[in-house]
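Read through the structure below, which is laid out as structure tokens, and then see the notes.
The values are calculated or read from the model by the stated rules, or taken from the named source; none is laboratory data. Remember, it's a predicted structure, so these values are computed and weren't measured experimentally. Cβ placement follows ideal geometry from the backbone for every residue including glycine, while neighbour counts extend to all protein chains displayed.
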């Protein structure tokens, strides 16, 4: 089975003590490649360092909406420099809006978001989007800011049917996490997952967060190997062959990141 974890945070300190074992378990589960999503300059630097020693790891750089209050031209310039100098940087993100916890004020989130949309456009990088409880503001911004040809993925999609089709109409990919496997929290997502065109699906762990079932009953920390559980549940709710669906999603992910993993 060909698997590509399109969004993880293995730069997290929780992986420092057993990273080699994490990669070994991922390989044994069929994970051929993984992408580390950045959330600030520190994590971006660390992700690039990890990817430099692995031939199956790519990275994205960006400033998460939680950290938007710290978004400066200096930080953005550093991220752009990392993207320009390191071939492992294949996307910009994760960026977007999060009005749930409001770790950064709305005005700072929106300013940081629009600045990064422009920067990613200049570098011709696909975008990894984070959206939570923005009440349509995220959609308004991505619809009005930038070209129709922009390539993006809505990471950890957990929105409504209306939002799903809005994003698909913009040509975006939909990132599916372990939420799909959770009995109550994943109910709506399991209803919507069969509606996503097969060529617009990516799968992800968001490790170390969002551990899927059945692993969540034994492990608090998520890791790339567990993306297999996401794929298997997705195939189940879509009534599709798991091997075939995995191959299609692997191709989708290579297309999104402009990579050629096999």
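Taken over the stretch 69-83, the residue count meeting the criterion of being within 15 Å of residue 110 (Cα to Cα) and in contact with a strand residue (DSSP E or B) (Cβ under 9 Å, 6 or more places away or on another chain) is 0. Of all the residues in the stretch 18-38, those that are over 16 Å from residue 222 (Cβ atoms) and part of a loop (DSSP other than H, G, I, E, B) number 2. None of 78, 110, 94 is surrounded by fewer than 16 Cβ atoms within 10 Å (Cβ to Cβ) and modelled with pLDDT of 95 or more except 78.
Number of residues in the stretch 213-260 that are closer than 17 Å to residue 199 by Cβ and touching a strand residue (DSSP E or B) at 6+ places or on another chain (Cβ under 7 Å) equals 11. Can you tell me how many residues in the stretch 72-100 are touching a residue at least 24 places away in the same chain (Cβ under 8 Å), assigned to a loop (DSSP other than H, G, I, E, B) and more than 20 Å from residue 9 (Cα to Cα)? Matching residues across the stretch 72-100 total 2.
Here is a yes/no grid of residues against (1) touching a strand residue (DSSP E or B) at 6+ places or on another chain (Cβ under 8 Å); (2) touching a residue at least 12 places away in the same chain (Cβ under 8 Å); (3) surrounded by fewer than 22 Cβ atoms within 10 Å (Cβ to Cβ); (4) under 28 Å from residue 69 (Cβ atoms):
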position: 18; (1), (2), (3), (4): no, no, yes, no
position: 37; (1), (2), (3), (4): yes, yes, no, yes
position: 45; (1), (2), (3), (4): no, yes, yes, yes
position: 50; (1), (2), (3), (4): yes, yes, yes, yes
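Could you please let me know if residue 60 is at pLDDT 95 or above, in a strand (DSSP E or B) and under 18 Å from residue 130 (Cα atoms)? Yes, satisfied. Scan the stretch 195-204 and give yes if some residue there is farther than 29 Å from residue 100 by Cα, modelled with pLDDT of 95 or more and under 17 Å from the mean Cα position of the chain (by Cα), otherwise no. Yes, that holds for at least one residue. For the structure I just gave you, tell me whether residue 199 is in contact with a helix residue (DSSP H, G or I) (Cβ under 8 Å, 6 or more places away or on another chain), in contact (Cβ under 8 Å) with a residue 40 or more places away in the chain, over 16 Å from residue 158 (Cβ atoms) and surrounded by fewer than 23 Cβ atoms within 10 Å (Cβ to Cβ). Answer is yes for this residue.
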